[in-house]
Protein chains: 2
Amino acid sequence: MELLFRNVTVLPMDDTLEERVLRNMCIGIDKGKIAYFGAYEPGENAGRVVEGENLVVIPGLINAHSHIPMILLRGSSNDVPLEEWLFEHIFPREAKLTGEDIHAGSLLGMLEAISTGTTALCDMYMNLDAIASAAEKVGIRLHLTNALTSFDENENLEENRSFLQNRLIREKYRDSCLIKSLNGIHAVYTSYPRAWERVRKEAEENGKPINVHVSETKTEQENCIEKYGTTPLQTLDRYGVLDVGCIAAHCVYLTDEDIELMREKNVTAVHCPTSNLMLASGIADVSKYIKRGVNVALGTDGAASNNSLDMFEEMKLASLLQKGISLDPTAISAYDALKMATVNGAKALRLNSGVIKEGCNADLAVLDFSRIGLTPCYDHVANVVYSANGSDVAMTVIDGKIVYEYGRFACGIDIGKLRKAVEDGKK
Amino acid sequence: MELLFRNVTVLPMDDTLEERVLRNMCIGIDKGKIAYFGAYEPGENAGRVVEGENLVVIPGLINAHSHIPMILLRGSSNDVPLEEWLFEHIFPREAKLTGEDIHAGSLLGMLEAISTGTTALCDMYMNLDAIASAAEKVGIRLHLTNALTSFDENENLEENRSFLQNRLIREKYRDSCLIKSLNGIHAVYTSYPRAWERVRKEAEENGKPINVHVSETKTEQENCIEKYGTTPLQTLDRYGVLDVGCIAAHCVYLTDEDIELMREKNVTAVHCPTSNLMLASGIADVSKYIKRGVNVALGTDGAASNNSLDMFEEMKLASLLQKGISLDPTAISAYDALKMATVNGAKALRLNSGVIKEGCNADLAVLDFSRIGLTPCYDHVANVVYSANGSDVAMTVIDGKIVYEYGRFACGIDIGKLRKAVEDGKK
């Protein structure tokens, strides 16, 4: 056994168990998997033992919607209308990003992610090779896609960089258990039916889900209905996009028919509460979606509209917002929010993670409950979701390896040099 | 000169200056005040010099509505309806709190506050002596009141513990520049007109403002209108409560007439966004209040309904919420939010703090901008409000003294022992 957590408190997020919080537990890890989970010490010796009654182990958090390299544009433009944000600030700066920039930004973003307890990302961006190679260095689980955009209805889609880049990653990381490429459509307003059908065909062939932005803004919703006569989700459905496994980011303006369609076709809605507020897109009524049986995961979106990658913030905000808009304090409980960031994210990515049980991926976040801000502890779940932030993470384990531990990263990246590169590379 | 910050970046929050961010600045501190603020090094030697181009100095944050000892009940009850929260969980537990508990809880809460950059609290609770003595040990600025509650209209108000406790603190800390007692009315629904007039008289005599909960919930609003024919604010105004200086916490349901009354009578509204969402009270339309000239400060409320004392979270949420509910990303800017937590809080408490300029109280929070989560930096204000959290605070200065520095507290309190006392004392 490579690694053993002994005498720790565990939030297994496993609804087949009676208890939500288990004390004095052991978690044994071997070959990237949870090899043992129980109250007694396993017979086998462990290469390393980590213990402490103040350590609370939760499944690693899954950031189900990110644009990691946008960390490069953190704080570059806030408090301005969406159009100005996009066309005057984000797009012009993004156009100047080099592969080196994107690699450096990916490293920085991924270090922030693992240091705040995130173990997997569902990412959408360009220049995938620069991103994937960063994930390999950092040791984070990464499912990524270059999402198709095409404004020219006559484009030869076979040459669209989305397919080419996705295939490149799929081929290059064929043997990686951490890095996978998905399929992607940016959104209904940045392409057209023939393109969606082509992505759907690609997904049928490679068996991976399609990642797509859906109903992020009112304008998107209204324009789509005007152009196609149906909502973005229903429009995509007409072209089979929902039939091959679909991860739909944002979903702020779902209609009742959309919600039913999500449930029926098993589409995951990825709620990005901070970004939706920051860009004044609106507030997705996710407690309704969940009640109606839709799988709802959580994401930070890009750091340019967040401006953090701390999934603890998203959990707290997701719960608070639903309570506030529904005037119902039971709308999304702390446990529901933690589930969104673990179990539901894993379901979206078809990952054998998100719970702590034998046979699952050893993707874990370990919190230090001896911190002042987590004292006292009446309810471990409430403290994790409502009191903790990413800085309370003491240790992050991905694929059985400790990638982060009390401020130090296992990858050995020179942080000072990286920070300087990102700072000097500002656009 | 006792303390000199050299070569630091400063966000002075001083609207008389042209620039919002000043680099390579010096701040000299003597006898609790900012004695020098300028680009050149002061001639005088300093007892201690702190420097670093990555240090960003902001005015210390002012938590304008807290119930500090409620840290003892952090996480004790969440995700339940307000009535159940209050009557089944909070009140029964509060009834069991001893003076020792309240002192320990105050210490813990104040340590959390100073370690996350808060330098002043406007607190409302019971057993003031246990709270004030904690503030003295920790070295935090504390304005507190035992807010009057009285359900018996025949009560001899002269013996109400609110007056007695407030006077005790006023007398005992007569010479303290950190600890002041205010006047307080809990809320319109927990007392009656004769009591309000008595508090108003007390305030006229001692010259300190009245701290009161106003329009926190719809039920409060509706019941007050039913009983008195006017909103809580207008009802209090009829008895002169707004004429002696008033700090009104929550203000979720202000009418247009209320807003005008707030402005006219110079009443501060203390916005508590996390608590208002957590308890499903609603969302105060504070961008409207600000536009109409009302002074809006920020508070965490008690940790039982937050469940943190991190004012960085409140700033971010205050800005995000207003953008989200108004669908206007310019509603509350990062600068506006930082102003709420500094300048506006100081105005509410009549403190010579909240800005960085010569002659002001040396109450400062120093952030470490070399953290991954604050890189890159396009805009210091955006990074402070949208990317930072309390854990990015490297140093906190109150009344010219460094009370917190990179995880260590100047007061020398045994944290392990304190944590154990709070944990063992759970009710």
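The values are calculated or read from the model by the stated rules, or taken from the named source; none is laboratory data. Because the structure is predicted, anything quoted here is derived from the model rather than measured. Here the Cβ is made from the backbone with ideal geometry for all residues, glycine too, and neighbour counts use every protein chain on show. These accessible areas exclude ligands, DNA and RNA; they are computed on the full protein's heavy atoms, side chains included. Shrake-Rupley method; radii C 1.70, N 1.55, O 1.52, S 1.80 Å.
Hey, what's the Kirkwood Rh for the protein assembly as shown if you take every pair of different alpha carbons, in angstrom?
27.7 Å
Can you return the lysines within cross-link range of B:LYS265? Criterion is Cα-Cα under 26 Å, with same-chain partners fewer than 8 residues away left out.
B:LYS180, B:LYS201, B:LYS208, B:LYS218, B:LYS227, B:LYS288, B:LYS291, B:LYS339, B:LYS347
Given the alpha-carbon gyration tensor of region B:262-348, what are the semi-axes of its equivalent ellipsoid in whole angstrom, ordered largest first, with each equal to the square root of 5 times an eigenvalue?
18, 15, 12
Relative to the Cα centre, what is the charge dipole magnitude of chain A, using +1 at the beta carbon of each Lys and Arg, -1 at the beta carbon of each Asp and Glu, and rounding to the nearest 20 debye?
So the dipole magnitude of chain A works out to roughly 600 debye.
Any chance you could give the angle, 0 to 90 degrees and rounded to 10, that helix B:218-228 forms with the longest Cα principal axis of chain B?
Between the helix axis and the principal axis of chain B, the angle is about 50 degrees.
Please work out which residue of chain B brings its Cβ closest to the axis of the rotation superposing B onto A, and round that distance to whole Å.
Closest Cβ to the B-to-A rotation axis, residue and whole-Å distance: B:SER391, 2.
On the protein heavy atoms, probe 1.4 angstrom, tell me the percent of accessible surface of chain A carried by carbon and sulfur.
So the carbon and sulfur contribution to the accessible surface is 48 percent.
Can you classify region A:379-427 as rounded, prolate or oblate using the Cα gyration tensor, where a ≥ b ≥ c are the square roots of its eigenvalues, rounded means a/c under 1.5, and otherwise it's prolate if a/b beats b/c and oblate if not?
oblate
At most 14 other Cβ atoms within 10 Å and a DSSP loop assignment: could you name the GluC sites (Glu not before Pro) in region B:353-427 that fit?
Sparse-neighbourhood loop GluC sites (Glu not before Pro): B:GLU358.
Amide H to amide H, which residues 5 or more places from A:GLY184 or on other chains are under 5 Å from it, using H placed in the peptide plane?
Residues meeting the criterion, in which the H sits 1.01 Å from N, are A:LEU148, A:ASN211.
In the protein assembly as shown, what % of DSSP beta bridges are antiparallel (nearest 5)?
Around 45 percent antiparallel, to the nearest 5.
Tell me the distances, shortest first, between B:ASP243 and the same position across the other copies, using label points 7 Å along Cα→Cβ, in nm to one decimal.
7.7
Choose one of A:TRP196, A:VAL397, A:THR116: the residue whose Cα lies farthest towards the positive end of the charge dipole of chain A (beta-carbon charges +1 Lys, Arg; -1 Asp, Glu; about the Cα centre).
A:VAL397
Please compute the Kirkwood hydrodynamic radius of region B:346-388 from all pairs of different C-alpha atoms, in Å with one decimal.
12.2 Å
Sequence gap at least 6, Cα distance under 8 Å: using those rules, report the relative contact order of region A:262-401 to the nearest whole percent.
Result for region A:262-401 is 21 percent.
Restricting things to Cα coordinates, could you compute the convex hull volume per residue of region B:333-427 in Å³?
Per-residue hull volume (Cα only) is 157 Å³.
In whole angstrom, how far apart do the alpha carbon centroids of region A:60-139 and region B:123-166 sit?
Their Cα centres are 50 Å away from one another.
Check which residues have an amide H placed less than 5 Å from B:VAL403's amide H, if you skip close sequence neighbours.
Under 5 Å from the amide H of B:VAL403 lie the amide H atoms of B:THR396, B:VAL397, B:ILE398, each far enough along the sequence or on another chain.
Please give the helix A:128-138 orientation as an angle from the longest Cα principal axis of chain A, in degrees from 0 to 90, rounded to the nearest 10.
10 degrees
B plus A alone minus the pair: what accessible area, both sides summed, probe 1.4 Å, in Å² to 100?
Interface between B and A: roughly 4900 Å².
Which residues, if any, in region B:376-394 lose at least 30 square angstrom of accessible heavy-atom surface (probe 1.4 Å) when the other protein chains sit next to their chain rather than the chain being alone?
Hits at the 30 Å² cut-off: B:PRO376, B:CYS377, B:TYR378, B:TYR386, B:SER387, B:ASN389, B:SER391.
Over region A:232-298, consider all pairs of different Cα atoms and compute the Kirkwood hydrodynamic radius from their mean reciprocal separation; express it in Å, one decimal.
Taking every pair of different Cα atoms in region A:232-298, averaging 1/r and inverting gives 11.9 Å.
List the residues, sorted by chain then number, that are 5 or more residues from A:LEU3 or on another chain and whose placed amide H is less than 5 Å from its amide H.
Amide H neighbours of A:LEU3: A:ILE29, A:GLY47, A:ARG48.
From the backbone phi of region A:118-123, what are the Karplus-calculated ³J(HN,Hα) couplings (6.51 cos²θ - 1.76 cosθ + 1.60, θ = phi - 60°) in whole Hz, Gly and Pro given as x?
Here the 3J(HN,Hα) series is 8, 10, 8, 10, 10, 10 Hz.
Per residue of region A:50-65, in order, report the coupling 6.51 cos²θ - 1.76 cosθ + 1.60 (Karplus, θ = phi - 60°) as ³J(HN,Hα) in whole Hz, putting x for Gly and Pro.
Along region A:50-65, the couplings run 10, 9, x, 5, 8, 8, 10, 9, 10, x, x, 7, 10, 8, 8, 8 Hz.
For region B:312-319, just list the computed ³J(HN,Hα) in residue order, Karplus coefficients 6.51, -1.76 and 1.60, θ = phi - 60°, integers in Hz, with x standing in for Gly and Pro.
5, 4, 5, 4, 4, 5, 4, 5
Hey, can you list the residues from region A:72-101 whose accessible area shrinks by 50 Å² or more with all protein chains present, relative to the chain by itself (probe 1.4 Å, no ligands or nucleic acids)?
Residues of region A:72-101 that lose at least 50 Å² of accessible area once the other chains are added: A:ARG74, A:ASP79.
How far is the Cα center of region B:351-391 from the Cα center of region B:251-302, in Å?
24 Å
Return the loop-located chymotrypsin sites (Phe, Trp or Tyr not before Pro) in region A:398-427 (DSSP other than H, G, I, E, B) with at most 15 other Cβ atoms within 10 Å of their own Cβ; answer none if there are none.
When the chymotrypsin sites (Phe, Trp or Tyr not before Pro) of region A:398-427 are filtered for loop state and at most 15 Cβ neighbours within 10 Å, A:TYR406 remain.
Check each of the chymotrypsin sites (Phe, Trp or Tyr not before Pro) in region B:99-165 and keep only those in coil by DSSP with at most 13 other C-beta atoms within 10 angstrom; list them in order.
Passing both the DSSP loop test and the Cβ count: B:PHE151.
Residues of region A:62-349: accessible area per residue at 1.4 Å, in Å²?
31 Å²
Kindly work out what percent of the DSSP beta bridges joining two residues of chain A are antiparallel, to the nearest 5.
Of all bridge pairs located within chain A, approximately 45 percent are antiparallel.
Quote the relative contact order of chain B in percent (integer), defining contacts as alpha-carbon pairs under 8 Å separated by 6+ residues.
Contact order relative to length: 21 percent.
Please determine, in degrees from 0 to 90 and to the nearest 10, the orientation of helix B:256-265 with respect to the longest principal axis defined by the Cα atoms of chain B, where the helix direction is its Cα long axis.
Rounded to the nearest ten degrees, it is 60.
Label-to-label distances across copies for A:ASP414, with labels 7 Å out along Cα→Cβ, in nm, shortest first?
Label-point distances to the other copies, shortest first: 4.6 nm.
On alpha-carbon atoms, Rg over Rh for chain B using Kirkwood Rh?
0.96
Once the label point is placed 7 Å from Cα along Cβ, list for A:LYS357 the distances to the corresponding points in the other copies, in nm, shortest first.
From this label point to the equivalent ones elsewhere in the assembly: 6.3 nm.
Counting each DSSP H run of 4 or more residues in the protein assembly as shown as -39500 (n - 2.57), what helix-only mean residue ellipticity at 222 nm follows after dividing by all residues, to the nearest 500 deg cm²/dmol?
-9500 deg cm²/dmol
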